[in-house]
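Undergrad: Have a look at this one before I ask anything.
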Amino acid sequence: MIRFATAVFARALLAPTFVFWTLFVLPAAAEVQAPVSALLKELASRTELEPLKTVIVARDGEILAERGYRGNRVTDATNIKSASKSIISALVGIAIDKGMLEGPDQKIAPILKADLPASPDPRVNDITIGNLLSMQAGLGRLSGPNYGRWVASRNWVRTALAQPFDDDPGGQMLYSTASTHLLSAILTKVSGKSTLTLAHDWLGPLEGFRIGAWDRDPQGIYLGGNQMAMSARSLLAFGELYRNGGRTASGAQLVPPAWIEASWQHRTNSRFSGDSYGYGWFERRIAGEDVHFAWGYGGQMLYIVPSLDLTVVMTSAESGPSARNGYRDALHLVLGEIITTVKDDPETDG
């Protein structure tokens, strides 16, 4: 009886502390996430967003909310398609920093001379690393309707270099996965290692970053800029690396800050969307903020909003083109709602 009374008394002493904690601490934590979480929950009911698989919203390194739709999870691997072009860009920047490549102005012909056509167009000698990164190589596009023909060829690098020129190097933007595949071939050539190995070696220290399956060409070169499997969480980790100036949460500098700045600098514009394009990154203004983003077929999106310390990942089914059917624009609108929600909620103010 004495032990029971003592236990009751002890609980009575602790009860006010628990009530105080419940009333004043727990609701505050819930309020931080509630508006963004509510928005992500509501997205499930929108018919125009039926292909949506996952969304993650993080601010200043902390996940505000994340959600999977129709049985998908943020930890599931998905084909991020052309969003992987931003990862290829990062590897090029690291290779330059390590002295394996001279810089964006370096000509590619001497590196890939074994795969040049027998009688090449002289302009092939003018193509630079930077031209490939900004989709200004001038070579005929091997994306869209020409993609299938290209990946059915026996040597993707030679086929890419043998394309007739549609413009001079440094001219208009000609979006082509062949350009980023040439970068993968160059990285393989100058390092003596596969692009996947380089990604593991150079980006592996980034917590949460992992590349799963990744297609290779007939010569064994990993496909630069397509067919790369990553989870939404892994893509978030990569985005956070860029948002944080190339530095990990533990302080390791993996990507040079100057390379991130160069990658986000305007080089050209997409003739399809008008969006600015740098070295593997698009840029547009959404909800009053400058947004840098990686974009993959079907709606694989990585958004970075530096002014708000915001990183947002959206993955989608690969069921169809996201640009021509308006789905990509619907995702941009969702990002706009996320930005507005974050800005209007004082609890998320960094």
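The values are calculated or read from the model by the stated rules, or taken from the named source; none is laboratory data. None of the values given here were measured: they were computed from a predicted structure. Virtual Cβ from ideal backbone geometry, glycine too; neighbours counted across all protein chains shown. Only protein heavy atoms, including side chains, enter the accessible area calculation; ligands, DNA and RNA are left aside. Shrake-Rupley method; radii C 1.70, N 1.55, O 1.52, S 1.80 Å.
Undergrad: Could you grab me the full set of residues in region 300-349 that are β-branched (Val, Ile, Thr) and open to solvent by less than 20 Å² (accessible area, probe 1.4 Å)?
TA: Passing the criteria: Ile304, Val305, Thr311, Val312, Val313, Thr315, Val334, Ile338, Ile339, Val342, Thr348.
Undergrad: Could you pull out every one of the helices (runs of 4 or more DSSP H) wholly within region 179-288 that has 3 or more residues that are touching a residue at least 24 places away in the same chain (Cβ under 8 Å) and more than 26 Å from Ser153 (Cβ to Cβ)?
TA: Details: elements: 195-203, 232-243, 257-263.
Here the list reads 232-243, 257-263.
Undergrad: On to the next question. Could you list all residues from region 233-269 that are over 19 Å from Asp60 (Cα atoms) and of a type in the set (Ser, Thr, Tyr)?
TA: Result: Ser263, Thr268.
Undergrad: Additional query: Just the residues that are under 19 Å from Pro117 (Cβ atoms), open to solvent by less than 20 Å² (accessible area, probe 1.4 Å) and of a type in the set (S, T, N, Q), please, taken from region 161-204.
TA: Answer for region 161-204, where residues must be under 19 Å from Pro117 (Cβ atoms), open to solvent by less than 20 Å² (accessible area, probe 1.4 Å) and of a type in the set (S, T, N, Q): Ser176, Ser179.
Undergrad: Just name the residue that is surrounded by the fewest Cβ atoms within 10 Å (Cβ to Cβ) out of those in region 86-138 that are farther than 30 Å from Phe209 by Cα and of a type in the set (Val, Ile, Thr).
TA: Val124
Undergrad: Here is a follow-up. Have a look at Arg210, Arg141, Arg149, Arg158 and point out the one that is within 24 Å of Lys107 (Cα to Cα) and open to solvent by 70 Å² or more (accessible area, probe 1.4 Å).
TA: Arg158
Undergrad: Is it true that Ala262 is among the aliphatic types (A, V, I, L, M), open to solvent by 30 Å² or more (accessible area, probe 1.4 Å) and either closer than 23 Å to Ser322 by Cα or modelled with pLDDT of 95 or more (or both)?
TA: no
Undergrad: While we're here: State yes or no: is Ser89 touching a residue at least 24 places away in the same chain (Cβ under 8 Å) and either among the small types (Gly, Ala, Ser) or more than 30 Å from Leu254 (Cβ to Cβ) (or both)?
TA: Here the answer is yes, as Ser89 does meet what is asked.
Undergrad: Among the residues of region 50-72 satisfying the criterion of being basic (Lys, Arg) and without any contact (Cβ under 8 Å) to a residue 40 or more places away in the chain, which is nearest to Ala249 (Cα to Cα)?
TA: Filtering region 50-72 for residues that are basic (Lys, Arg) and without any contact (Cβ under 8 Å) to a residue 40 or more places away in the chain, the one nearest to Ala249 (Cα to Cα) comes out as Arg67.
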